[in-house]
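Visitor: Dumping the structure here so I can ask a few things about it.
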Amino acid sequence: MASTVSDRPGYGQLLRTPGAWTFLLPGFAARQPFAMLTIGIVLLVQHTTGSYGSAGAVAAVSGVSMALFAPQSGRLADRFGQRAVLLPGVLAHAASVGALTALALADAPLWALFLAAVPTGASVPQVGPMVRARWAARLGAAPGRPASPLLVTATAFESVTDEFTFVVGPVLATALCTGVHPAAGLIAEAALTLLGGALFAAQRSTQPVPRVAATAAEPHRSALSVPGVRVLAVTFLGIGSVFGGMQVSLTAFSEEIGRPGVNGLLYGIFAAGNMLAGIACGAVAWKSSPRRRLIIGYLTLTLTASGLWAVHSVPLLAGLGLLVGLCIAPALISGYTLVDALVPASARTEAFTWLTGAVALGQAAAVTAAGQLADAHGASTGFVVPLAGTALALATLLTLRSRLTPTHGGRTVARGIGHREPVTVD
């Protein structure tokens, strides 16, 4: 199944790539909105309305808006350049978050919060996909230059970074909302977006060449036209249902037992499992196909999520949450590896944003459903949402798994143009 880490370049060598740190550090700060926004909205709106259902609904509107607009942002970045899309985007996002926060604190009606949530979600900067595209531009194949073997390591590294974001972001937002002010989480989210996004956009030397400026003519093909990408999008919807269901249900559980401060700890343990599994996956040179790894990882994710609703103690919930987190990263990494094999280079950023948007959409639906269930039947019923979401996505994955076979002569294309890596296609 796997060989030792010595068979592949390591993280240390990857981080010594010239110019890497110029986009990694600001990119990490600028991608925090994806991890902080939902929980920040839930905690603020629940504080002002007293309803998890209303809080979940507002967060869901923001998530749906992000899911719908993220691929458009990725397509524009591929065509016109990341800086041209990112700078107006971070300004719009900071202003939208400020408006939503002010309306919530002013006890505005729910419909007004819904309206403010639309531009808030639509303007979330797609920094994660942009960072992945920069790695590909630095390490991928080009005329007269073969792709670097570090490209595979970069795939795993970005997934680990995403998981670390989900460790830091929700915990930071929860601590600020519960320890400083209910609006502090959203205010910090907007500030990080503005500062990190501006610094990231300023790194022009590492951004991919826009398609309109490319010298080689390459017909554009939408990433969503690839059948395998549509299957992966459904798969990532289920992963989003875990994130959204856990955020709301853990918050409601902590309130229900009279220990609201334990919410950050429980979610941090869940996210830490996610990050640790990502590190482990990136340190192994896998011999099995990414499709097989995705199916196995998703099956274990569904099985572990199935027990959440029955757990009623903090230690047991922390332990099971850790297991659920450990199962997410393998599925995410395998999915991103597959989309590299299925999508042409000209739609690279767009493809990544479709998967990011799918996670956001699944998270939005889960936040709404879990909030309604927690309000009506107690916190434990909210944990049914991750089970239902992953089970439905697993059924789709198993039924349509043949569409995830790369059509490149038995070889997958890694992150970049023309780079190929032998795999076993089962």
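The values are calculated or read from the model by the stated rules, or taken from the named source; none is laboratory data. What you are looking at is a predicted structure, and each value in this text was computed from that prediction instead of being measured. Cβ placement follows ideal geometry from the backbone for every residue including glycine, while neighbour counts extend to all protein chains displayed. Heads up: the accessible areas ignore ligands, DNA and RNA and are worked out on the full protein's heavy atoms, side chains in. Shrake-Rupley method; radii C 1.70, N 1.55, O 1.52, S 1.80 Å.
Visitor: Using a 1.4 angstrom probe, figure out how much accessible area the chain has per residue, in square angstrom, rounded to the nearest whole.
Guide: 37
Visitor: If you project the alpha carbons of segment 41-125 onto their three principal axes, what span does each projection cover, largest first, in Å?
Guide: Reported extents, whole Å, longest axis first: 44, 19, 18.
Visitor: Next up: Using 0.36 nm per residue of separation minus the Cα-Cα distance, give me the extension gain between LEU91 and ARG16 in nm, one decimal.
Guide: Contour length minus Cα-Cα distance gives 23.8 nm.
Visitor: For helix 150-179, what angle does its Cα long axis make with the longest principal axis of the chain, in degrees from 0 to 90 and rounded to 10?
Guide: 10
Visitor: Next up: Against the longest alpha carbon principal axis of the chain, how many degrees, from 0 to 90 and to the nearest 10, is the axis of helix 290-305 turned?
Guide: 10
Visitor: Report, in debye and to the nearest 20, how large the dipole of segment 15-173 comes out about its Cα centre when Lys and Arg carry +1 and Asp and Glu carry -1 on their Cβ.
Guide: 660
Visitor: Let me cross-check HIS312: its accessible surface, 1.4 Å probe, with only protein heavy atoms counted, in Å² to the nearest 10?
Guide: HIS312 exposes around 130 Å² with every protein chain in place.
Visitor: Between ILE328, ILE39, ILE279, which gets the highest mean-square fluctuation from a Gaussian network model of the chain, Cα cutoff 10 Å?
Guide: ILE279
Visitor: With labels modelled as points extended 7 Å from the Cα through the Cβ direction, what inter-label distance (nm, one decimal) is found for ALA112 paired with LEU299?
Guide: That separation, rounded to one decimal, is 5.3 nm.
Visitor: How big is the Cα convex hull of the chain in projection, averaged over all directions, in nm²?
Guide: Over all viewing directions, the chain projects a mean Cα-hull area of 18.6 nm².
Visitor: Using a 1.4 angstrom probe on the protein heavy atoms only, could you order VAL229, VAL343, VAL234 from most to least accessible area?
Guide: From most exposed to least exposed: VAL234, VAL343, VAL229.
Visitor: Here is a follow-up. Once you order the gyration tensor axes a ≥ b ≥ c over the Cα atoms, which shape class does segment 284-323 get: rounded for a/c under 1.5, otherwise prolate or oblate by comparing a/b with b/c?
Guide: Since a/c reaches 1.5 but b/c is at least a/b, the shape of segment 284-323 is classed as oblate.
Visitor: Assuming 0.36 nm per residue, please report the length gained on full extension of the stretch HIS312 to LEU392 beyond their Cα-Cα distance.
Guide: Separation in residues times 0.36 nm, less the Cα-Cα distance, equals 26.3 nm.
Visitor: Go through TRP111, TRP135 and list them by solvent-accessible area, largest first, probe radius 1.4 Å.
Guide: Correct descending sequence by accessible area is TRP111, TRP135.
Visitor: Please determine, in degrees from 0 to 90 and to the nearest 10, the orientation of helix 384-399 with respect to the longest principal axis defined by the Cα atoms of the chain, where the helix direction is its Cα long axis.
Guide: Compared with the principal axis, the helix lies near 30 degrees.
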